[in-house]
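Just below is one structure, and these are the notes that go with it.
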Amino acid sequence: MQKERIKIKTIIFDLDDTLIKTSKLYNRARDEFSSLMQELGFDSEESLIKLDEVDISYIKEYGFVKERYPLSLGKTYEYFCKINSEKINPVLKKKIEDIGWQVFRQIPELVDGVYQILDTLSKKYFLILATLGDPQVQEEKVRLSGLKKYFSEIYVLKHKNVEEYQNILKKHNLDKKDAWIVGNSVRSDLNPGLKLGVNCILIPYLSWKFEEEEPLSKNYLRLDSLEEVLNYL
Ligand SMILES: [Mg+2]
């Protein structure tokens with residue numbers, strides 16, 4: 001006879017810009033890139049718009065591999081050289097790609113109080129981390145940030161969509177009413193959760209064009225900081 005599984009209330013956390021301030025590193029790279037482009041005589045704002053366009057097209061083509069970001073920066077520089085009939089300077093192109101590599105050489109800052117918050121929650125809930133990105137990069141961030149110990153399971157996903165969250169619920173035999181998704185992104189955290197009927201907490205933080213979407217409903221809790229989660233869960 002199969003034993004009845006005990007259902008435990010579960011929180012599925014996002015990593016980037018929910019527990020660690022990843023976008024700050026990307027924004028620093030963007031600032032550096034746009035200043036350099038301006039120095040080269042290209043429009044800094046247009047450079048950033050093009051960068052997002054190129055980067056999103058590469059995400060669609062290659063997925064979240066880390067080589068993609070330096071490549072997107074280099075390709076954006078090439079694009080502006082071409083449309084302005086200027087020669088591509090390989091040294092400059094390398095320097096621009098390196099702005100992208102720098103992002104992966106730094107450890108993002110932690111969100112305020114994250115250890116204490118996860119420590120408190122891990123005593124009451126089964127904590128799962130579901131993060132989107134390059135497995136090597138994400139695993140390294142989890143390890144170096146000291147967050148690994150709070151989670152019973154860590155998933156580095158290729159997509160953050162209904163199917164992926166559904167797989168997690170199924171794998172842990174979780175009832176959707178006993179599960180919460182906590183994250184900063186409407187596209188990757190909130191909307192798949194709302195579609196599934198899981199309880200959702202959105203904590204908006206820095207984000208970028210790829211993550212932009214309208215919430216599918218108002219059926220969620222919106223908080224200003226991670227600390228506030230403790231008032232509700
Ligand atoms: Mg995020």
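If exposed GluC sites (Glu not before Pro) are those in a DSSP loop with at most 14 other Cβ within 10 Å, what is the longest stretch of the chain that has none?
110-211
Need one number for the stretch 105-171: average projected area of the convex hull over its C-alpha atoms, nm². Each step should come with its number before you reach the end.
Numbers: hull surface 20.2 nm².
Average of the hull's projected areas for the stretch 105-171 equals 5.0 nm².
Applying a DSSP loop filter and a limit of 10 other Cβ atoms within 10 Å to the trypsin sites (Lys or Arg not before Pro) in the stretch 43-152 leaves LYS87, ARG105. With contacts taken as Cα pairs under 8 Å and at least 6 residues apart, the chain reaches a relative contact order of 25 percent. Taking each residue as 0.36 nm, the span from LEU206 to GLU46 lengthens on full extension beyond its C-alpha to C-alpha distance by 55.6 nm.
What accessible area per residue comes out for the stretch 95-210, rounded to a whole number of Å², with a 1.4 Å probe? If you can, show how the numbers build up before the last one.
On the way: 5570 Å² over 116 residues.
Ligands and nucleic acids excluded, the result is 48 Å² per residue.
What do the square roots of 5 times the Cα gyration tensor eigenvalues come to for the chain, in whole Å, largest first, as semi-axes of the equivalent ellipsoid? Could you put the intermediate results ahead of the total?
Working: eigenvalues 278, 58, 51 Å².
Calculated on Cα positions only, the semi-axes equal 37, 17, 16 Å.
The length gained by stretching the chain between LYS24 and GLU153 to full extension, at 0.36 nm per residue less their Cα-Cα distance, is 43.8 nm. What 222 nm value per residue comes from the helices of the chain, counting each DSSP H run with n ≥ 4 as -39,500 (n - 2.57) and dividing by all residues, nearest 500 deg cm²/dmol? Taking each H run of at least 4 residues, the total per residue is -14500 deg cm²/dmol. The C-alpha atoms of the stretch 28-114 occupy a region whose extents along the principal axes are 50, 29, 22 Å, arranged from largest to smallest. By accessible area, using a 1.4 Å probe on protein heavy atoms only, the chain has 48% of its surface on carbon and sulfur.
Can you give the charge dipole size of the stretch 26-154 about its Cα centre, rounded to the nearest 20 debye, using +1 on the beta carbon of Lys and Arg and -1 on the beta carbon of Asp and Glu?
Working: 19 positive and 22 negative charges, 103 e Å.
For this selection, approximately 500 debye.
Once the C-beta distance of LYS87 and ASP31 is scaled by a Förster radius of 30 Å, the resulting FRET efficiency is 0.70 to the nearest 0.05. For the stretch 75-215, a simple Cβ point-charge model (Lys and Arg +1, Asp and Glu -1, everything else neutral) yields a dipole of about 300 debye relative to the Cα centre. Around the amide H of ILE181, modelled in the peptide plane, lie the amide H atoms of ILE12, ASN199, CYS200, ILE201, all under 5 Å away and 5 or more residues distant in sequence or on another chain.
Only Lys, Arg, Asp and Glu carry charge here, each on its Cβ (+1 for the first two, -1 for the last two); on that basis the stretch 176-233 has a dipole of about 280 debye about its Cα centre.
The values are calculated or read from the model by the stated rules, or taken from the named source; none is laboratory data. Predicted, not measured: the structure shown is a model, and the values here were computed from it. Methodologically, a virtual Cβ is constructed for each residue, glycine included, from the backbone with ideal geometry; neighbour enumeration extends over all protein chains shown. Surface areas here come from the heavy atoms of the whole protein model, side chains and all, with no ligands, DNA or RNA. Shrake-Rupley method; radii C 1.70, N 1.55, O 1.52, S 1.80 Å.
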